[in-house]
Each structure stands twice: as C-alpha cells, then as structure tokens.
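*Asks:* A single structure is presented below for examination.
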Amino acid sequence: QVSIDAIPEDKEEQSRIRWLTIRVVEEFIADKFKTSDEIAEAALLGPFLDQEDHRKLVNCVVADFESAKLLDVELLQGMVQLLECAGPDYLVPDDLVRIVVVLCTRLQETHQ
C-alpha cells in the first residue's frame with residue numbers, strides 16, 4: 001500500500017491501481033487450478049493490499065494448500081510470501097493457528 005500511495009498526488013491513478021490489484025486477487029481466488037506463475041503473481045500483490053483483501057488471499061492460499069493432494073511447493077512459497085508481507089494486525093492468532101495445523105497435517109501426510 002505504501003508504493004501505491006507514493007504515486008504523485010494522482011488520486012484517480014491510485015484508485016485505478018487499487019481496483020486492478022483487487023481484481024487480480026478476485027480472479028486468483030475464483031480460479032480452481034492455479035499455476036505457479038499465478039501463485040507468484042498473487043503473492044507479489046500482498047504488500048499492496050488492505051487488510052481485508054490480504055486476509056482473503058491468505059485464506060484462499062491456505063485452503064488450496066490444505067486441499068492439495070500432494071505437497072504443493074508453489075502454494076507453500078506463496079503462503080510464506082504473504083505472511084512475510086502482512087502488515088501489522090493483518091493476521092489474527094486464529095489465522096496463524098490454522099496455518100500451523102494445515103502445515104503439520106500436510107507434512108505428516110506427505111511423509112507417511
């Protein structure tokens with residue numbers, strides 16, 4: 001969000017960029033079969049999202065990781081990027097607990 005705010009006093013341009021960013025996130029969430037490029041693209045948008053959209057994206061990635069049949073390294077990397085760029089108070093303790101539970105479950109299933 002800091003980078004968008006740095007656009008020189010052009011509120012219309014800021015609004016347009018925010019709208020485009022949100023649309024990319026919405027399309028990512030709606031897509032059932034995400035490629036590694038799409039995951040990387042969505043993760044790069046993390047720092048530019050407000051709290052609500054950031055949490056939607058994190059929840060989508062966690063849910064996809066949870067339902068994956070195999071250990072999906074691209075989703076895992078995307079999740080890590082999103083967690084690293086989360087602003088203060090963007091994630092609540094329940095988010096982190098869910099992520100740890102999903103990671104433990106996925107790793108246990110992978111090594112059985």
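*Asks:* Which of Val62, Val97, Val25 ends up with the largest GNM mean-square fluctuation for the chain, with Cα atoms connected below 10 Å?
*Replies:* Highest fluctuation among the options: Val97.
*Asks:* With +1 on each Lys and Arg Cβ and -1 on each Asp and Glu Cβ, how big is the dipole of the chain about its Cα centre, in debye rounded to the nearest 20?
*Replies:* Working: 11 positive and 23 negative charges, 75 e Å.
That gives the chain a dipole magnitude of about 360 debye.
*Asks:* Residue-wise, which Karplus ³J(HN,Hα) couplings in Hz belong to segment 92-104, taking 6.51 cos²θ - 1.76 cosθ + 1.60, θ = phi - 60°, and x for glycine or proline?
*Replies:* 9, x, 4, 4, 5, 4, 4, 4, 5, 4, 5, 4, 4
*Asks:* In whole Å, how far is the Cα centre of segment 65-108 from that of segment 9-36?
*Replies:* Cα centroid of segment 65-108 versus Cα centroid of segment 9-36: 21 Å apart.
*Asks:* What residue among Gln51, Gln81, Gln14 has the largest mean-square fluctuation in a Gaussian network model of the chain, using Cα springs under 10 Å?
*Replies:* Gln14
*Asks:* Hey, any idea what Rg/Rh is for the chain, computing Rh the Kirkwood way over Cα pairs? Working shown, then result.
*Replies:* Numbers: Rg = 15.0 Å, Rh = 14.8 Å.
That ratio equals 1.02.
*Asks:* Which residue, Ile17, Ile99, Ile29, has the most motion in a Gaussian network model of the chain that connects Cα atoms within less than 10 Å?
*Replies:* Ile17
Values quoted throughout were computed directly from the atomic coordinates according to the rules given, and no laboratory measurement underlies them. Just so we're clear, the structure is a prediction, and the values are computed from it rather than from any experiment. Virtual Cβ from ideal backbone geometry, glycine too; neighbours counted across all protein chains shown.
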